[in-house]
Amino acid sequence: MAQAKIGIIGGSGLYKMDALQDVREMNLETPFGSPSDAVFVGTLEGTSVAFLARHGRHHHLMPTELPFRANIYAMKSLGVEYLLSASAVGSLQADVKPLDMVVPDQFIDRTRQRVSTFFGNGIVAHVSFGEPLCPELSQVLSEAIASLSLPDSSLHRGGTYVCMEGPAFSTKAESNLYRSWGGTIIGMTNLQEAKLAREAEIAYATLALVTDYDCWHPDHDSVTVEMVIQNLQRNAHNAQKVIRETVKRLSQTPVSSPAHDALKYAILTPLDQVPDATKQSLDIILGKYL
Ligand SMILES: CSC[C@H]1O[C@H](OP(=O)(O)O)[C@H](O)[C@@H]1O
Ligand SMILES: Nc1ncnc2[nH]cnc12
């Protein structure tokens, strides 16, 4: 039976959910290794949710080192159908200010060293990714933010999240290039999660918390970790409020997401041709098609 239909991945500055009650700490193993940390399953707004600190509770994992597959697989194994990511981002646009919140609807992938698929080893699948973030879940998240009327924080619905490799921040030339491409915000983590969540048929949406103007803005200092953490600390309480409100709304009115059937027409390899070991390691993801 599902332990939690809603999952939360907390990024920089969001290492635990304060309001989570009756918490169980679950140390999960997956065919793709261990997740970033234990998954905390508990009750939020009367609903069972699973929380994972993306970089570990002591922030010991770099973006490049994140066990993305294990993290998404662990969420899937708990029965998660909706996954909310809370992430720190830099702004690439003047009207997107530090402390604002963005619910992006697109990505540009500038990563170079990451595995972003569960497939291979005898099974080929190509999921649709034209709408990389779930529009329905993003809508619930946006409505939750808007309903809270947070002071000092504007909501931006839609926008392009540029996902870079890191760990060093961008050069000015890169930052300006991303601006010229129409990028709205920049971060280092969400693209792989969104792809893997899609392959695992989990609806995924991002609450992007703006912490800085990266390094392009002539009137603002270039991003530093200190700046990111300071602004996140100012915003952490609001982020938790938004997550609680989203969970409340989602549990009252669950949305149906195209992501929940993402594999229906995506798998090219006849399943009776897939090696047993591969079938076994993808059991939780392929289950309903086997
Ligand atoms: C601490 S600044 C850079 C760091 O913050 C963001 O992390 P997350 O997406 O997990 O909130 C960014 O992607 C970098 O990993
Ligand atoms: N400017 C920036 N670039 C990449 N990741 C970030 N996370 C927060 N601010 C960032």
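Bear in mind these aren't lab numbers, they're just calculated from the coordinates by the rules spelled out. Since we're looking at a predicted model, the values are computed, not measured. Neighbour counts are summed over all protein chains in view; Cβ atoms, including those assigned to glycine, are modelled from backbone coordinates with ideal geometry.
Scan the stretch 127-165 for residues that are part of a loop (DSSP other than H, G, I, E, B) and touching a strand residue (DSSP E or B) at 6+ places or on another chain (Cβ under 9 Å) and jot them down. So that I can check it myself, show each step before the final result.
At the first step, the residues of the stretch 127-165 found to be part of a loop (DSSP other than H, G, I, E, B) are 127-134, 149-154, 158-159, 165.
If the condition is that a residue be part of a loop (DSSP other than H, G, I, E, B) and touching a strand residue (DSSP E or B) at 6+ places or on another chain (Cβ under 9 Å), then 129, 131, 132, 133, 134, 150, 153, 154, 158, 159, 165 are the ones that fit.
For (1) surrounded by fewer than 21 Cβ atoms within 10 Å (Cβ to Cβ); (2) within 15 Å of the chain's Cα centre (by Cα), each residue gets a yes or a no:
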| site | (1), (2) |
| --- | --- |
| 2 | yes, no |
| 7 | no, yes |
| 26 | yes, no |
| 35 | no, yes |
| 73 | no, yes |
| 84 | no, yes |
| 92 | no, no |
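Among the residues of the stretch 143-169 satisfying the criterion of being within 16 Å of ligand 1 (Cβ to nearest atom) and free of Cβ contacts under 8 Å to residues at least 60 places away in the same chain, which is farthest from residue 247 (Cα to Cα)? Only one residue tops the list, namely 168.
For (1) of a type outside the set (Asp, Glu); (2) within 16 Å of ligand 1 (Cβ to nearest atom); (3) in a helix (DSSP H, G or I), each residue gets a yes or a no:
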site	(1), (2), (3)
183	yes, yes, no
209	yes, yes, no
216	yes, no, no
230	yes, yes, yes
233	yes, yes, yes
264	yes, no, no
278	yes, no, yes
288	yes, no, yes
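Restricting the first member to the stretch 9-27 and to residues that are closer than 15 Å to residue 47 by Cα, and the second to residues that are away from ligand 1 (no atom under 16 Å from the Cβ) and not in a strand (DSSP E or B), the beta-carbon pairs closer than 7 Å and six or more apart or on different chains are 19/244.
Give 175, 147, 142, 154 a once-over and let me know the one that is in contact with a Cys (Cβ under 7 Å, 6 or more places away or on another chain), over 24 Å from residue 61 (Cβ atoms) and small (Gly, Ala, Ser). Show your work before the answer.
Numbers: 147 fails: in contact with a Cys (Cβ under 7 Å, 6 or more places away or on another chain); 142 fails: in contact with a Cys (Cβ under 7 Å, 6 or more places away or on another chain); 154 fails: in contact with a Cys (Cβ under 7 Å, 6 or more places away or on another chain).
Selected residue: 175, the only one of 175, 147, 142, 154 that is in contact with a Cys (Cβ under 7 Å, 6 or more places away or on another chain), over 24 Å from residue 61 (Cβ atoms) and small (Gly, Ala, Ser).
Return a yes/no flag: does the stretch 34-43 have any residue that is in a strand (DSSP E or B), charged (D, E, K, R) and over 23 Å from residue 152 (Cβ atoms). Write out each step before concluding.
Keep residues of the stretch 34-43 that are in a strand (DSSP E or B), which gives 39-43.
If we keep only those that are charged (D, E, K, R) too, we end up with none.
No, every residue in the stretch 34-43 fails to be in a strand (DSSP E or B), charged (D, E, K, R) and over 23 Å from residue 152 (Cβ atoms).
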